[in-house]
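Asks: This is the structure, below, for whatever I ask next.
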Amino acid sequence: MAGKPVIHLAQFLTHSPSYHSLGMWRHPKTDYQSTPWNRPQLYEHIARTCERGLFDMIFFADLNYIADTYTGSLDPALRYATQAPEHDPIPLVSWLGAVTERIGIAATFSTSNQHPFFAARLWATLDHMTNGRAGWNVVTSINRNQQANYGVDRAPTDQRYDQAHEFMEVCRKLWESWDEDAIVMDKANAIFANPSKVHRIEHEGRFFKSRGPLNVVRSPQNGPAILQAGTSPKGQDFAAKYADAIFAIQPRRENAKEYRDAIRSRSETFLRNPNHCAVLFGAQPIIGQSRAHAEELQEQHNELVPLEAGLTILSAHLDFDLSGIPLEAKMAEREEPELHRMRTRFLNPDGSSMTLAEVAARHGQSVGLPQFVGTAESVAEQMIDFFDYVGGDGFMLTAIHTPGAIEQFVDEVVPIFQRAGRFRKSYEGKTQRDLLRQTI
Ligand SMILES: Cc1cc2nc3c(=O)[nH]c(=O)nc-3n(C[C@H](O)[C@H](O)[C@H](O)COP(=O)(O)O)c2cc1C
């Protein structure tokens with residue numbers, strides 16, 4: 001019988017010096033001298049910490065470019081480390097799979113620049129290597145800098161998603177191309193696999209052709225768990241159709257509820273159980289010994305992010321050069337179509353519009369994630385309130401420094417969630433998908 005939904009927790013990471021906070025690499029508590037950001041030991045420590053905290057997953061975002069979107073120059077991205085550099089997270093997935101037992105390990109891979117056969121093979125292999133704990137964040141890549149690195153033009157949104165749908169369909173067919181009982185390993189009769197249980201897929205579509213079968217046997221989750229973060233109507237459809245979990249950035253709980261409700265109803269139209277598509281909302285906890293101390297920590301962190309750094313990363317994420325817009329412009333009232341995708345991130349708690357300067361500052365500090373600030377008790381309470389208002393399903397957390405911030409959340413906030421009966425006390429099930437569906 002289904003129990004009470006648990007709060008699901010994912011830890012947001014990138015294989016780079018700053019995650020969702022551009023102040024992170026400069027933070028006095030961040031120590032890349034002893035634990036460099038470009039060596040796996042840092043992520044090993046984080047993965048083990050999050051596993052100790054019984055998180056559903058650690059999650060690596062990824063991009064394949066250094067953005068010149070703001071002002072047409074690479075200088076600000078390099079100067080402020082706005083997701084530049086960013087190393088490939090995929091090799092970390094197998095490393096981290098080897099040093100953890102239960103936690104899901106997810107990374108981002110785009111459907112825009114590779115063939116689905118390559119992706120299906122890679123992710124089936126990672127699912128084997130992690131014993132069913134792999135998660136693939138499927139992105140379509142909206143920034144022109146990425147397409148230029150692969151020598152192509154950026155496709156319009158509709159086409160990006162049409163191609164992504166076909167990409168997923170090809171991957172699914174390839175993952176299905178080995179029946180569960182295809183491996184016989186009959187030594188006496190010299191039969192390794194039963195040929196009648198391995199199938200060609202003969203896919204010929206608008207964007208891709210693939211003959212199959214895959215040369216990877218069926219993996220524990222039959223392909224990885226699928227994660228997504230679409231916001232456009234096409235993106236939401238894609239997420240509702242395929243995703244086991246969705247990452248959303250909705251600072252206002254009213255918008256968060258609307259988003260989650262929309263995803264659930266879209267998922268029903270695809271004849272899916274809406275409880276099989278967990279929506280995780282971005283959150284940046286800042287925890288102090290008292291309210292005043294936490295506010296001091298918040299100010300100390302936020303001041304580390306120059307306004308120009310915020311403008312640089314916001315321009316990159318919108319794929320739109322904001323240098324032509326006055327800093328005092330009301331962002332939610334702008335007419336440029338490129339700005340509509342993030343409209344709900346431009347709103348103050350009372351629904352009024354933030355200025356460009358305010359939006360950019362917040363984007364640099366947290367990529368627009370709400371900061372939950374206070375003592376551990378207060379942060380837990382704020383998060384539970386948000387969760388209850390929205391109806392589920394959990395949070396994608398981002399840190400303001402490393403080491404320290406993730407450890408503090410695990411040691412101080414997780415036990416409060418557990419005492420409140422809102423969080424798992426042990427892992428149940430084996431796979432990433434099992435954890436995302438776990439109830440208590
Ligand atoms: C929390 C979150 C994480 C994301 N991570 C990535 C990423 O790692 N790489 C990427 O190319 N896009 C990433 N995106 C962008 C989304 O894939 C998507 O393009 C964006 O939300 C716009 O949605 P749309 O394509 O439906 O308009 C992320 C978005 C969100 C909200």
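Read the figures in this text as sums done on the coordinates, not as results from a lab. These numbers were taken from a predicted model, which means no experiment stands behind them. No Cβ is skipped: glycine too gets one built from the backbone with ideal geometry, and neighbour counts run over all protein chains shown.
Asks: Looking at the stretch 217-250 only, could you name the residues that are over 19 Å from the mean Cα position of the chain (by Cα) and within 16 Å of the ligand (Cβ to nearest atom)?
Replies: Selection gives nothing.
Asks: Moving on to the next point. Working only within the stretch 255-268, note down all residues that are over 9 Å from Val279 (Cα atoms), in contact (Cβ under 8 Å) with a residue 40 or more places away in the chain and either crowded, with 22+ Cβ neighbours inside 10 Å or more than 13 Å from the ligand (Cβ to nearest atom) (or both).
Replies: Ala256, Lys257, Asp261
Asks: Find the strands (runs of 3 or more DSSP E) located wholly in the stretch 126-216 whose residues include 1 or more that are touching a residue at least 40 places away in the same chain (Cβ under 8 Å), within 13 Å of the ligand (Cβ to nearest atom) and buried (at least 17 other Cβ atoms within 10 Å of the Cβ), and list them.
Replies: 134-139
Asks: Kindly provide the set of residues from the stretch 114-125 that are more than 21 Å from Asp56 (Cα to Cα) and surrounded by fewer than 20 Cβ atoms within 10 Å (Cβ to Cβ), ordered by number.
Replies: If the condition is that a residue be more than 21 Å from Asp56 (Cα to Cα) and surrounded by fewer than 20 Cβ atoms within 10 Å (Cβ to Cβ), then Gln114, His115, Phe118, Arg121, Leu122 are the ones that fit.
Asks: Show me the helices (runs of 4 or more DSSP H) entirely contained within the stretch 295-390 in which 3 or more residues are of a type in the set (Val, Ile, Thr) and touching a residue at least 12 places away in the same chain (Cβ under 8 Å).
Replies: 376-390
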